[in-house]
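The values are calculated or read from the model by the stated rules, or taken from the named source; none is laboratory data. Every value quoted in this text rests on a predicted model; they were computed, and no experiment measured them. So basically every Cβ, Gly included, is an ideal-geometry build from the backbone, and we count neighbours across all protein chains shown.
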Amino acid sequence: MAKVTVDGIEVEVPNGSSVLQACEAAGKEIPRFCYHERLSVAGNCRMCLVEVERAPKPVASCAYPVMDGMKVFTDTPVVRNARRGVMEFLLINHPLDCPICDQGGECDLQDQAVGYGNGISRFHEPKRAVKDKYVGPLVKTVMTRCIQCTRCVRFAAEVAGVPELGATNRGENMEIGTYVEKALTSELSGNLIDICPVGALTSRPYAFVARPWELTKTDSIDVLDATGTPIRIDTRGAEVLRIMPRQDDDVNEEWMGDRGRFSFDGLKRKRLDRPWVKRDGKLKPATWEEAMVAVAEGFKGRVGGIVGDTVDAEAILALKSLLAGMGSANMDCRQDGAAIDGANRAHYLFNATIAGIEEADALLIIGGNPRTEAPVINARIRKAYLAGLKVGFVGAKGLDLTYRYTHLGEDPAALATDFLAGAQKPVVILSREALTRPDAKALLAQAWALANPTPDWNGFSLLHHFGGQVGALDLGFLPGQGGLDLAGMMAPGAVDALWLLGADGFDASAIPAGTFVVYQGHHGDAGAARADVILPGAAYTEKEGTWVNTEGRVQRAYAAVQPPGEAKPDWRILRAAAAALDVTVPFDTLEQLRAAHPLFSAQGLVRAEPGAAPVAGPAGTAAFAASSRNYWQAEPIGRASPTMAECAKVYMGSTPLLAAE
Amino acid sequence: MSEEPQSFAFDEESEKKIAEILARYPEPKKASGTIPLLYVVQKQMGRQTGSAWVPRVAMDAIAERLEIAPIRVYEVATFYFMFNTKKMGRYHLQVCGTTPCMLRGSDDVLRACKDAGHVSGYGATSPDGLFTMSEVECLGACVNAPILQVDDDYYEDMDYDSTVKLIEALKRGERPTPGSVIGRQTSAPEGGPMVLTGEEG
């Protein structure tokens, strides 16, 4: 530890800290542009100049290491003058277009110019102008505004692992760009918008849409992948205008995948905003009363329920109560047919935890492609890799995971490896995709054995794909005693009526003809096409709900906007349906519903004891398939989103089929 | 003017050179070879096409060889004036216009290049594709100002006439001996040595 005195305040900071960190520890604000705590230090903006005793001139505090007994001054005439000078230089080539700049109101340069700059400019010569660059369908560039802090260059190279941005030419002609015009091949490109301190990189879909001070901000959770990224939904009136990540060092640090950030324009398209009832073979608009009558008439006999991938836990529990009240044990939440029996929670959680990846000393990934399944978790793996973690991969050849890995093989035989031998904290990441194979049970048992969990360290980590999957498993939305699973319910004559709760991820056309189908959800996607009654539900931005991420972290989200039209929060629909069906369910309010299961009383990470190893099944030899997942259009909201459609077109080369999943 | 070639492959001579260059750096630090390899490419292009420049495909080839991201090579190549990222004429006339050369008559050299080489100005290439002229900063040979650098060779103590003569020679495919055009020995005084001539003075 080093003792540093900042403006007379004595603080102790670890050796190797920068002066800037010491100043922050002392509660002094240091202006900065290029410095970002999660990126390497560049020291090129010079805004963070401070005076250090016995230093001949002001020093850039972000790049200057502390020394014991150092005396730092952050508010002397020299410092103030230096910052004014730096600001004047930065503004020489910066256009005065704040009134038409999307960064206006949340711009570091704007704020700091007010705080540290001169009132006027002495520069009368022509300003330089830089041609805008194309870096993809999500990020809009206005390169004349760039102050060349190189945060984006460092983000792309260090965090996203796609070193495609750079500073070409020099001096007056220096430009940030890809040199060869192309879209940045990253699933994390939206974060460039957040880290850019000026308006050079802004959100393309959000261009000229709103000013930050007009927006209502609501805390929520990104449910479109299983990372459970905490988000802030910015709304104006009844419209979601943008989604931004919040910081949580245990989950996302401050990054977010592009799907969660940009697919919200799908919330305005292809929505189910009123009930529909099939009459004479055709779906016709109906009122809620008519729909409930139709449900009461049709949803009887042997019934079953299937829940989708992004449904909130409250709705899942409500459907489970409804089905249980009707005496049915036919339920399934595994649309992909993953072999998860739910008996032992540790068998389906990302037990190592996302932050735990950084503690690991060896990591083995089995199947799938973490880069498209959970880009933020993949970025965390890359961070650990840069710190020295060795990564092994069993799966399709030639995948670019943004870090180097040892490719151990393409088929399950490669799991007989000593890659993790000697590791104190091994992590085995098993893709949920691997559990959809016929030899899933054997893979699960093998992965568990490789991870060799102990009470102190459980490295077995199942990587789910969507935000609602773990919640449904935690609530036990699985075939009960004598109940049928998804495949069983698809058998002709197995059930008379099916309730699809946001279930769009399986082949709905396989539902036998004659089965009465109620589809409850928010998008007119695969499930709604097969329905006899459609009950319009709320999307994740429109309801208060609980989701559980792949680690088993219980997270609560709040409603940012009202559901469109006549759509309602899902648990209310199910409560009304229970009344229409004359089924007794043990709740009338959200509070009572939540009281019915211990899941809702928990907040944050809920770990699971390792317990017994999973039972192995027949082994297989088939190679792990190359993941054909379409990251941008993996679920109904993404499929309805024009932005995501453009991404899929740009990144996947051709317009993919709608149900590419 | 800059027609990007479709592909680039190192030829035998370059390969020999690359092996020699990369041997200088430890394997994990072979990115240090970026600048020497850019020179190798530029030379090879000069040999093969008569236009010494670095096309993008060649930069990609360098990146692949050095196992670095292509953008890192683009950054270096565009940073230094010595690498031409656009197609060049056969001869690269580099006129020094910094103060000592300017005082000693670099304006005449510039005028001669325009007149004899038919180059319209800095950055331009002559219609016959022989000459590309650029303005360079101090070449570090001020004692022999003004300087005209043709590709890698310095021609020193230039004036209008000698520049025209040089350019005419280049047009004929000749390469006059580099160095002082007035016969000075390096930077020794004009007309031969004045001191330490062996006679007591």
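Tabulated data
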quantity: Residue in the stretch B:5-16 that is within 13 Å of chain A (Cβ to nearest Cβ) and surrounded by 15 or more Cβ atoms within 10 Å (Cβ to Cβ) present; calculated: no
quantity: Filter result for residue A:185 (assigned to a loop (DSSP other than H, G, I, E, B) and either more than 14 Å from every other protein chain (Cβ to nearest Cβ) or over 23 Å from residue A:635 (Cβ atoms) (or both)); calculated: no
quantity: Test: residue in the stretch B:99-121 that is free of Cβ contacts under 8 Å to residues at least 60 places away in the same chain, within 13 Å of another protein chain (Cβ to nearest Cβ) and of a type in the set (Asp, Glu); calculated: no
quantity: Residues of the stretch A:147-172 classified as within 13 Å of chain B (Cβ to nearest Cβ), closer than 19 Å to residue A:198 by Cα and touching a residue at least 60 places away in the same chain (Cβ under 8 Å), total; calculated: 3
quantity: Yes/no for residue A:226 being more than 14 Å from chain B (Cβ to nearest Cβ), in contact (Cβ under 8 Å) with a residue 24 or more places away in the chain, assigned to a loop (DSSP other than H, G, I, E, B) and out of contact with any Ser or Thr (no Cβ under 6 Å at 6 or more places or on another chain); calculated: no
quantity: First in the stretch A:416-435 and under 12 Å from residue A:361 (Cβ atoms) and in the same structural domain as residue A:451 (by TED's automatic domain parsing), second anywhere and of a type in the set (Val, Ile, Thr) and surrounded by fewer than 18 Cβ atoms within 10 Å (Cβ to Cβ), Cβ under 9 Å, 6 or more apart; calculated: A:419/A:406
quantity: Residue identified as within 19 Å of residue A:195 (Cα to Cα) and assigned to a loop (DSSP other than H, G, I, E, B) among A:34, A:62; calculated: A:34
quantity: Filtered residue count, the stretch A:205-223, keeping only those that are assigned to a strand (DSSP E or B) and surrounded by fewer than 17 Cβ atoms within 10 Å (Cβ to Cβ); calculated: 3
quantity: Residue B:42 vs. criteria under 16 Å from residue B:87 (Cβ atoms), crowded, with 18+ Cβ neighbours inside 10 Å and not small (Gly, Ala, Ser); calculated: yes
quantity: Residue A:343 assigned to a loop (DSSP other than H, G, I, E, B), assigned by TED's automatic domain parsing to the domain that holds residue A:407, in contact (Cβ under 8 Å) with a residue 40 or more places away in the chain and not charged (D, E, K, R); calculated: no
quantity: Strands (runs of 3 or more DSSP E) contained entirely in the stretch A:264-327, each with at least 3 residues that are of a type in the set (Ser, Thr, Tyr) and modelled with pLDDT of 95 or more; calculated: none
quantity: Test: residue A:473 is within 28 Å of residue A:335 (Cα to Cα), at pLDDT below 95 and among the aliphatic types (A, V, I, L, M); calculated: no
quantity: Residue A:181, sole failed condition from (1) modelled with pLDDT under 95; (2) under 30 Å from residue A:558 (Cα atoms); calculated: (2)
quantity: Selection within the stretch A:136-164 - crowded, with 20+ Cβ neighbours inside 10 Å, farther than 21 Å from residue A:647 by Cα and hydroxyl-bearing (Ser, Thr, Tyr); calculated: A:150
quantity: Boolean, residue A:69 is farther than 30 Å from residue A:383 by Cβ, touching a helix residue (DSSP H, G or I) at 6+ places or on another chain (Cβ under 9 Å), touching a residue at least 24 places away in the same chain (Cβ under 8 Å) and not aliphatic (A, V, I, L, M); calculated: no
quantity: Residue A:363 vs. criteria part of a loop (DSSP other than H, G, I, E, B), hydrophobic (A, V, I, L, M, F, W, C) and touching a helix residue (DSSP H, G or I) at 6+ places or on another chain (Cβ under 9 Å); calculated: no
quantity: Condition check for residue A:167: crowded, with 20+ Cβ neighbours inside 10 Å, in contact with a His (Cβ under 6 Å, 6 or more places away or on another chain) and among the hydrophobic types (A, V, I, L, M, F, W, C); calculated: no
quantity: Residues that are surrounded by fewer than 24 Cβ atoms within 10 Å (Cβ to Cβ) and more than 10 Å from chain B (Cβ to nearest Cβ), drawn from the stretch A:173-182; calculated: A:181, A:182
quantity: Candidate set: the stretch B:66-87, residues that are within 14 Å of chain A (Cβ to nearest Cβ) and among the charged types (D, E, K, R); chosen: the one surrounded by the most Cβ atoms within 10 Å (Cβ to Cβ); calculated: B:75
quantity: Selected residue (only one of B:47, B:90, B:24 is more than 14 Å from chain A (Cβ to nearest Cβ), out of contact with any Lys or Arg (no Cβ under 7 Å at 6 or more places or on another chain) and surrounded by 19 or more Cβ atoms within 10 Å (Cβ to Cβ)); calculated: B:90
quantity: Flag for residue A:88 being within 35 Å of the chain's Cα centre (by Cα) and either in a helix (DSSP H, G or I) or among the hydrophobic types (A, V, I, L, M, F, W, C) (or both); calculated: no
quantity: Helices (runs of 4 or more DSSP H) wholly inside the stretch A:539-654 containing at least 1 residues that are over 19 Å from the mean Cα position of the chain (by Cα), polar (S, T, N, Q) and surrounded by fewer than 16 Cβ atoms within 10 Å (Cβ to Cβ); calculated: A:590-595
quantity: The stretch A:465-483: number of residues that are in a loop (DSSP other than H, G, I, E, B) and under 19 Å from residue A:260 (Cβ atoms); calculated: 4
quantity: Cβ-Cβ under 9 Å pairs, at least 6 apart or on other chains, the stretch B:54-72 side closer than 20 Å to residue A:175 by Cα, far side acidic (Asp, Glu) and surrounded by fewer than 21 Cβ atoms within 10 Å (Cβ to Cβ); calculated: B:55/B:3; B:55/B:4; B:56/B:4; B:70/B:60; B:70/B:64
quantity: Residue, farthest from residue A:21 (Cα to Cα), within the stretch A:45-66, restricted to residues that are free of Cβ contacts under 8 Å to residues at least 40 places away in the same chain and of a type in the set (A, V, I, L, M); calculated: A:55
